[in-house]
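Student: Okay, here's the structure, questions in a sec.
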Amino acid sequence: MAKLGSSGVHGHGAQLSGREVQRLSQAMSDDEGDHRYCYVCGNREVNAERLIECVVCKRFVHFKCKRIFGFSINTVKAKPYLCSSECKNMQSAGGNEEVLKEIRALTESVQASIKETAYVRGALVQMQEQMKVIADTNKSIEESQNFISREFEVLKANLEAYKQEVHELKQGNSKVQECVSDLYAKNHELSTRVDQLELELDRVNRARLTKNVVIMGLPTCENENTLALVRTMCGALGFVCGEKDVLQARRLVSKKEAKGHPPILATFNTDNDKEKLFEKKRNHGVLLASAVANVFAGSTSRVTIRDEMTAFGRQLLQEVKEMQSFLNLKYVWPGRDGKVLIRRQEGSKVEQVSCKSQLQLLSKTTNKRAADGSPLSLSFQEPSSKKTNCN
C-alpha cells in the first residue's frame, strides 16, 4: 500500500492505520455497491445522511467522528465542508482546477488501492483459513497413519504369534497322526487277534457238533416219530441207515417258528454217516417233501440240510443278512464248517464269509468293484460234500 508524505493528498502526513484497513477490508468483502466509508473510523455507512463529504478531497466522514451533533449538523451541511486545514488552504488558494482534479484522481487511486488491499487481505484471511483446514487435515492424516502403523505392528505381531501357533499345531497334529496310526495298527492287530480267538473258540464249539445236522423243509404232522422221519428222508436220498446210524432227532421249536414247520436237529452215530448224507443229497439234487413220505403228498416244500451252527455262526449269518440289501447280494445262506455263503446275482460265483473282518472287507470292496471290476478274494467254487478244515 502506497505511503503519502506530509504534502500528500490525504493530508496530516499519515497512512491508514491497521484498524482502518481491517474495517475497510471487512466492509469491502461484505458489499461494494454505493456504500461509503468514513476515513476516520473506516466503517462502511449505508445511510448517507450520517456522512458529510469534503468538497476538495471527496472523502466522507461521520458527523459523530467529527464531534458534530444536533443543530450543528444542518449548519455544517449549509456550506461547503472542508475536512482538513490542507483542504481549506487549497480552497483559499484559488482552487486550481487542475490541481483539484489531480488530487481527486489520487484520492480515487488511493481508495482503489485500499479496496484492493482489503480484497488481498480477505483473500489472505481465506487462504489462512484454508491452510488451517489443510493443516488440520494433514494432522488427522498423520494421526491416522500413526494409528494404522501401530495397528499394523500389532497385526504383524499377532500374525507371527499365529504362525507360531500354527507351527505348533502342525507339530501336534503330526504327533496325533502318528498316535492314530499306531492306534489303528494296534486296533487292526487286536481285531485280527480277536478274530483268531473267535475262530478258535468257534472251532472248539463246532467240534462238539460235528455229528449233528439240521434238516429243514419237512412239514410237521400229528403224533410224528421224528427219528423215523429222518431215517425215511435218508432212504429217499438212497442212504439206507440202520437204527444205530441216527441216534436222535427232535424239532427245534421256537416262539418265532411255532406256527411254521420247525427244522429237525438230528445226531448221527459217526461223522462218516453224516458226510454220506451230505454226499447223497448233493448227488440227488432237489428233494421235495412229497418224495419223502406219502403223508406229505402235494407239498411243494424243498428239503435242505446243513450243519448245526454255533452261536458265533448264527450271529455272523444274521449280520450278513442285515447287510444283504446294502451289499446288493442276491442270496445269503449257511454253508459248511460255520461259513456263510453269498451269491451276488443269479449264476455268479459263490463267496464265503467266515469272520467279521471278512464282512468288513466285503463291505469296503463292494464299492470298489464298480470301479475296477476286480473279484473278491473270498470267491470259491461250490463246496464238496466232504467237510473241510476251518481257516
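The values are calculated or read from the model by the stated rules, or taken from the named source; none is laboratory data. As the structure is a computational prediction, the values presented were derived from the model and not from experiment. Heads up, the Cβs are rebuilt from the backbone with ideal geometry, glycines too, and the neighbour counts pull from every protein chain shown. Surface accessibility is based on the protein's heavy atoms, side chains included, excluding ligands, DNA and RNA. Shrake-Rupley method; radii C 1.70, N 1.55, O 1.52, S 1.80 Å.
Student: Probe radius 1.4 Å, ligands and nucleic acids ignored: give me the carbon and sulfur share of the accessible area of the stretch 179-306 as a rounded percent.
Tutor: 52 percent
Student: While we're on this one: Over the heavy atoms of residue 119, what accessible area does a 1.4 Å probe trace out, to the nearest 10 Å²?
Tutor: 100 Å²
Student: By accessible area of protein heavy atoms, probe 1.4 Å, what ranking do 90, 131 get, highest first?
Tutor: Ranked from most to least accessible, the order is 131, 90.
Student: Still on this model: Hey, how many Å between the Cα centroid of the stretch 300-353 and the Cα centroid of the stretch 150-217?
Tutor: Answer, in whole Å: 30.
Student: Once amide H atoms are built 1.01 Å from N in the peptide plane, which residues 5 or more positions from residue 224, or in another chain, come under 5 Å H to H?
Tutor: Result for residue 224 returns nothing.
Student: So how do 50, 44 rank on accessible area, 1.4 Å probe, biggest first, that is with the largest at the start?
Tutor: Ranking 50, 44 by accessible area, largest first, yields 50, 44.
Student: Measuring from the lowest to the highest alpha carbon on each principal axis, how far does the stretch 108-219 reach, largest first, in angstroms?
Tutor: Principal-axis extents of the Cα atoms in the stretch 108-219, largest first: 145, 44, 10 Å.
Student: Also, quick follow-up: For the ranges 189-198, 296-305, what's the packing order if you count other beta-carbon atoms within 10 Å of each residue, average per peptide, and put the highest first?
Tutor: Output ranking for 189-198, 296-305: 296-305, 189-198.
Student: Moving on to the next point. Which of 154, 177, 119 sits closest to the plus end of the dipole of the stretch 113-206, meaning its Cα is farthest towards the positive end, when Lys and Arg get +1 and Asp and Glu get -1 on the C-beta?
Tutor: So the residue we want is 119.
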